1. May I ask you to rank Ser112, Ser127 by accessible area, largest first, using a 1.4 Å probe over the protein chains only?
2. Using the structure shown, list the pairs from Lys68/Lys115; Lys19/Lys68; Lys83/Lys115 with a Cα-Cα distance above 22 Å, or answer none.
3. Residues in the range 213-232, backbone N under 17 Å from the label point at Asp55 (7 Å along the Cα-to-beta-carbon vector): list them, ranges by number please.
4. Expressed in nm to one decimal, what extension gain is obtained for the pair Gln111 and Arg14 from 0.36 nm per residue of sequence separation less their Cα-Cα distance?
Amino acid sequence: MSSRNPAEYSNDARAHWEKTIAAWDANRHGGDKTALSWIERHSRLSPETIKYRYDVALAHLARHARDKRVVEIGCGPGRLSEKIIEAGARTYRGYDIAENAITLAQDGIAQSAFKDRIGFECADASSLPAITGDIVFSIGFLSWLTAEQIDRVFAVSEGLDFLHTITVRSYGYRQFLKWLHHLSEGPERYRVIYHNIGDIRAVAAKHGWPRLYVYRHRVLSPNVYVSSLPFPDTLGPQDIL
């Protein structure tokens with residue numbers, strides 16, 4: 001996996017998400033994309049991909065999280081918090097590096113009937129406390145982390161079942177545009193890090209999970225889901241490593 005100085009990562013990440021989280025979330029959920037350049041609009045994940053990432057997570061959690069304490073890392077504005085409670089979870093707690101994201105998330109559940117079962121907290125991957133719960137999940141979060149950061153996420157959630165997406169290297173039109181966009185930003189810009197499934201499997205095994213379930217789908221690409229728990233059969237074939 002790619003390696004990077006954790007202190008530099010933490011500073012870059014916080015500044016990036018404090019500045020962009022509101023627009024990032026809105027642009028990916030039907031918002032106005034005219035503020036983005038042509039290459040940014042066409043290199044980003046499609047709305048279909050983003051929706052399907054959420055659908056897979058909810059299908060998986062609906063099967064495994066009933067009466068469980070669910071924790072999301074990199075929760076952003078907490079779009080899934082109420083839906084996870086509705087799917088049967090006992091409680092939900094979300095962590096995010098950006099205080100702006102936590103504010104948006106808290107505002108979003110202010111009138112919710114489930115607000116007493118939902119909580120949010122600001123923390124980055126280097127300062128995450130030992131996580132108390134039953135299942136930890138993230139959507140897109142590991143794709144921004146160094147190898148050291150990913151190892152820490154598994155360490156602080158050791159013993160908890162997990163569901164995460166990673167970004168794997170792929171080749172195609174959108175990937176080419178993303179490469180051009182990164183090239184134009186310069187080499188120091190904070191950006192997605194590509195990982196491979198074998199490395200994630202090794203980290204999971206190190207922290208007590210020798211078996212890894214892997215779910216791929218053309219709509220998810222270049223994302224892949226990995227989990228300690230089997231994916232619902234309704235989603236289609238999965239790999240067991």
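1. So, going from the largest accessible area down, we get Ser127, Ser112.
2. Listed pairs above 22 Å: Lys19/Lys68.
3. 215-225, 231-232
4. 32.1 nm
The values are calculated or read from the model by the stated rules, or taken from the named source; none is laboratory data. This is a predicted model, so every value here is computed, not measured. Every residue, glycine as well, gets a Cβ built from its backbone with ideal geometry; the counts of neighbours run over all protein chains shown. Just so you know, the surface numbers come from the protein's heavy atoms only, side chains and all, with ligands and any DNA or RNA stripped out. Shrake-Rupley method; radii C 1.70, N 1.55, O 1.52, S 1.80 Å.
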